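**Q** Quick one: the structure is below, questions incoming.
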Amino acid sequence: MTASRAAAKVRALFADAGVTGRLHAVDLDHPDREVSVGADDPVVLASVFKVPLVVALHHSGLDLTRRVTLDHDRSTGPTGVGGMLDPVTMSLRDLAYLALTVSDNAAADALVDLIGLDEVDRTVRELHLGRTVVVHRARDFARTMAEDAAPDELPRALADPVVLSRLRALDPAQTNRGTPRDLTTLLRHVWQHDQCAPIRRIMALQVWPHRLASGFPFDDVRVAGKTGTLPTVRNEIGVVEYPDGGRYAVAVFTRSASTAFTLPAADAVVGTAARLAVEHLR
Amino acid sequence: MSKSDISLSAIAEQLSSLLVDLLRHLRYFLAVAEELHFGRAAARLHMSQPPLSQSIQRLERELGVRLFDRDARHVALTDAGRQILTEARGLLAGEDRLRASAGRFRNGEAGSLRAGVPPDLGGRAVAALLPAFRRRSPVELKLKEIGTAEQLRALADRSLDVGVLRFPFDVSWLGLGPVLTSPLGVLLPRDHPLAAAPDVRLADLNGLALVLFPRATAPALHDEVLTTCARHGYTPADVHQAGNPEFALGLVLAGGAVALHDGVAPPVDAAWRPLRGTPLLWRTSAAWPRGRQTPAVTAFADAVTEVLTAQGMRHAEGTLPRYPRPAAEYLA
């Protein structure tokens, strides 16, 4: 199977699942072997931005065992500290753990507030991710969605396609953006540098099984990933490691036609598309 | 940019300013030729006399002939001036036509609009759409009958300017008109026992096959319909794919199958019954590539809204609660 044939099959999988998708998959040890489907198109990162954030944290020189307190004014979200009610004190590296394993918005925003968006941007430049831009924190997604949906109310308005068409949070030009290729480049950096070993550990501890990991239902294959989700947006980037030593970075970004929050087929196609691409690379 | 590119673009710029200048000088020349008086011509042009005189001198230099004989009291056209006056009137009339024509395109009053409509929109809606559009726009409307998936491809490659699409579809790059909904019912053979009741529950359809549009024409909608049927207790014995309404009707009349229909002018040889609780809806709106909303596109979207509303479609209103799960990563 040629790479273009594999790409055509990936496209067909996306169409069949009712999504438009972009993908880049690359063999970490033979980077000339790759599968691209719109790999250089700008895409909305959603919570995938937490990966460049944590990479920037690890290059910041800060003491990662330093403890900070997240008080009542922290960002909110459905998971981790974001969903808790009382002040929490923990180390920077544990905040990074929650930000990546359960996509904790409060933990991620606490790290941004500490190191600054400029520092994330500097890291992105240093790694030559030319088309990646991080301008929003998690709480900025929530804020702009509420502003742009008004006068309609969240969360119900987020199932209305007309409301979605005016959300800045869903327009790559107006929010955190990247390209599938930029994100696999970032993963290669994480998998090649000792300084990033803790990031590899926590990405492999991510709890969500429904996207990238669902495509590799094997006990001897390790999947380390980070999802990104917003209305109609279902993303995941990650590295798949086989027992024979094969290691593949995959970045999948999708937009669903349906505005339903719960769409198992759209989640699963992230895994099946990644599997098809990885099998082509093996 | 190379050196030669720079000089070429500089030349092109100068050429275009010369051309605009020539037309401007000719307008001044026309005013003076008609008034035969520099003061009156300047007043008519809302300018002072010295720049007007300079303009005429520059035109005479440019053309290499004298246009006027002038002394302290009189201004008269020379032979060359009289001849050139005729040519100038032609040129200026041409400029007026050119600008008016560009303006008509700019304001969406000229050209054509390529619009797509779904195959199941119905002949009455199509018939009403043309006059409703004509009342709003002088542009020629070219209608094409194509499904949602194909309309999206055509909008993306610019072979379509605007479409009428059934939700759901990826709206991330589209501008949308109002979303209109029509509750769906089913077509049954007239002699089917279910046709005896005023409405039908989805669960009552168990054992019957479902006739539905081909999945490839709108995969997301196809799946949404089947998921909703299953959620309301109806798992079709089989799903037949029918691209056109006549074929769908044939499968219904042959027995053992039902087809979905919005109840607008249902075929007379079948019975149409609404579904209790309106579990299934078509949601429809006009859509165009974002940033390409011309006046003709707006006129078409308004015409679609008028026609579909007249057919009984209503503005969408969300009434169901929504509970995002933690895996959604946003909202608490």
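**Q** To make sure I understand, if each residue's beta carbon is the centre and we count other beta carbons within 10 Å, what order do A:Asp160, B:Asp262 fall in, fewest to most?
**A** A:Asp160, B:Asp262
**Q** Distance from the Cα centre of the range B:45-115 to that of the range B:133-206, in angstrom?
**A** First find each Cα centre; the distance between them is then 54 Å.
**Q** Another question, then. Please give me, ordered by residue number, the GluC sites (Glu not before Pro) of the range B:45-137 that lie in loop per DSSP and have at most 16 other Cβ atoms within 10 Å.
**A** Counting only loop positions with at most 16 other Cβ atoms within 10 Å, the GluC sites (Glu not before Pro) in the range B:45-137 are B:Glu109.
**Q** Something else: Just check the range B:39-101 against the gyration tensor rule for me: Cα atoms, a ≥ b ≥ c as the square roots of the eigenvalues, rounded for a/c under 1.5, and otherwise prolate or oblate depending on whether a/b exceeds b/c.
**A** oblate
**Q** Also, quick follow-up: Grab the DSSP H runs of chain B that are 4 residues or longer, score each as -39,500 (n - 2.57), total them, divide by all residues and round the 222 nm result to the nearest 500 deg cm²/dmol. Don't jump to the answer; show the numbers that get you there.
**A** Working: 9 runs with 142 residues, N = 332.
My calculation for chain B gives -14000 deg cm²/dmol from helical runs alone.
**Q** A follow-up question, please. Tell me the GluC sites (Glu not before Pro) within the range B:234-332 that lie in a loop according to DSSP and have at most 16 other beta-carbon atoms within 10 Å.
**A** Passing sites in the range B:234-332 are B:Glu317.
**Q** Compute the angle between helix B:295-310 and the longest alpha-carbon principal axis of chain B, please, reported from 0 to 90 degrees and rounded to the nearest 10.
**A** Helix B:295-310 sits roughly 30 degrees off the main axis of chain B.
**Q** A:Val135 to A:Leu85: extension gain in nm, 0.36 nm per residue of separation minus the Cα-Cα distance?
**A** Working: separation 50, 0.36 × 50 = 18.00 nm, distance 2.74 nm.
Once the chain is fully extended between A:Val135 and A:Leu85, it gains 15.3 nm.
**Q** Would you mind classifying chain A by shape? Square roots of the alpha carbon gyration tensor eigenvalues, ordered a ≥ b ≥ c; an a/c under 1.5 is rounded, otherwise it is prolate if a/b is larger than b/c and oblate if not. Please report the intermediate quantities before stating the final value.
**A** Values: a/c = 1.68, a/b = 1.15, b/c = 1.46.
Verdict is oblate for chain A.
**Q** Assigning unit charges at the beta carbon (Lys, Arg +1; Asp, Glu -1) and nothing else, what dipole magnitude in debye, to the nearest 20, does chain A show about its Cα centre?
**A** 460
**Q** Set the Förster radius R0 to 41 Å, insert the Cβ-Cβ distance between A:Asp219 and A:Thr65 as r into 1/(1 + (r/R0)^6), and round the FRET efficiency to 0.05.
**A** Once the sixth-power term is evaluated, E becomes 0.80.
**Q** Simple spin-label model, 7 Å along Cα-to-Cβ: B:Arg73 to A:Asp121 in nm?
**A** 7.6
**Q** Can you put A:Thr184, A:Thr175, B:Thr294 in order of Cβ neighbours within 10 angstrom, beginning with the fewest?
**A** Fewest to most other Cβ atoms nearby, the residues stand as B:Thr294, A:Thr175, A:Thr184.
**Q** For the range B:185-279, build the charge dipole from Cβ charges (+1 Lys, Arg; -1 Asp, Glu) around the Cα centre, then report which of B:Asn244, B:Gly185, B:Cys229 sits farthest towards its positive end.
**A** Value computed over the given set: B:Cys229.
**Q** Moving on. Label B:Leu36 and B:Arg89 with points 7 Å out from Cα along Cα→Cβ: what is the distance between them in nm?
**A** In this crude label model, B:Leu36 to B:Arg89 measures out at 1.5 nm.
**Q** Among all the aspartates and glutamates, which ones have a C-alpha under 14 Å from B:Lys144's C-alpha, if same-chain residues fewer than 8 places away are not counted?
**A** Output for B:Lys144: B:Asp120, B:Asp161.
**Q** How much length is gained if the chain between B:His232 and B:Trp173 is pulled fully straight, taking 0.36 nm per residue apart and subtracting their Cα-Cα distance, in nm to one decimal? It would help to have the intermediate numbers written out before the result.
**A** On the way: separation 59, 0.36 × 59 = 21.24 nm, distance 3.32 nm.
In short, 17.9 nm is gained.
**Q** Here is a follow-up. Compute the FRET efficiency between A:Arg5 and A:Ala146 as 1/(1 + (r/R0)^6), taking r as their Cβ-Cβ distance and R0 = 51 Å, and round to the nearest 0.05. Provide the component values of the computation, followed by the final result.
**A** Values: r = 44 Å, r/R0 = 0.87.
According to the calculation, E is roughly 0.70.
**Q** Hey, another quick one. Once you charge only the Cβ atoms, +1 for Lys and Arg and -1 for Asp and Glu, what is the size of the charge dipole of the range B:185-279 about its Cα centre, to the nearest 20 debye?
**A** It works out to roughly 180 debye.
**Q** Next question. Taking Cα atoms, how many degrees apart are the long axis of helix B:79-106 and the longest axis of chain B, rounded to 10 and kept between 0 and 90?
**A** 20
**Q** If I fit a long axis through the Cα atoms of helix B:49-63 and take the longest principal axis of the Cα atoms of chain B, what angle between them do I get, 0 to 90°, rounded to 10?
**A** The angle comes out at about 90 degrees.
**Q** Where in chain A are the DSSP H helices whose C-alpha atoms run 24 Å or more along the long axis and whose mean Kyte hydropathy is at least -0.5?
**A** Numbers: long enough: A:264-281 (26 Å, 0.76).
Flagged H segments are A:264-281.
**Q** How many Cβ atoms of partner chains, on average, are near each residue of A:159-168 if near means within 10 Å of its Cβ?
**A** On the way: counts 5, 6, 14, 9, 3, 4, 8, 3, 1, 0.
Mean partner-chain Cβ count within 10 Å for A:159-168: 5.
**Q** Take chain A, connect every pair of alpha-carbon atoms lying under 10 Å apart with a spring to form a Gaussian network, then pick out the residue of A:Ser47, A:Ser60, A:Ser256 with the largest mean-square fluctuation.
**A** Comparing A:Ser47, A:Ser60, A:Ser256 in a Gaussian network model of chain A, the most mobile one is A:Ser60.
**Q** Continuing with the same structure: In debye, nearest 20: dipole of the range A:211-260 around its Cα centre with unit charges on the Cβ of K, R (+) and D, E (-)?
**A** Dipole size: approximately 320 debye.
**Q** Hey, another quick one. Using the beta-carbon distance between B:Leu23 and B:Ala127 and R0 = 41 Å, what value does 1/(1 + (r/R0)^6) give for FRET efficiency, to the nearest 0.05?
**A** 0.30
**Q** As I understand it, the dipole of the range B:185-279 uses +1 on the Cβ of Lys and Arg and -1 on the Cβ of Asp and Glu, about the Cα centre. Which of B:Pro266, B:Gly255, B:Pro198 lies farthest toward its positive end?
**A** B:Pro198
Read-outs: derived from the displayed coordinates by stated rules, not from any lab. Bear in mind that the values here come from a model prediction, so they are computed numbers and not experimental data. Cβ coordinates were reconstructed from backbone atoms using ideal geometry, including for glycine residues, and neighbour counts include every protein chain displayed.
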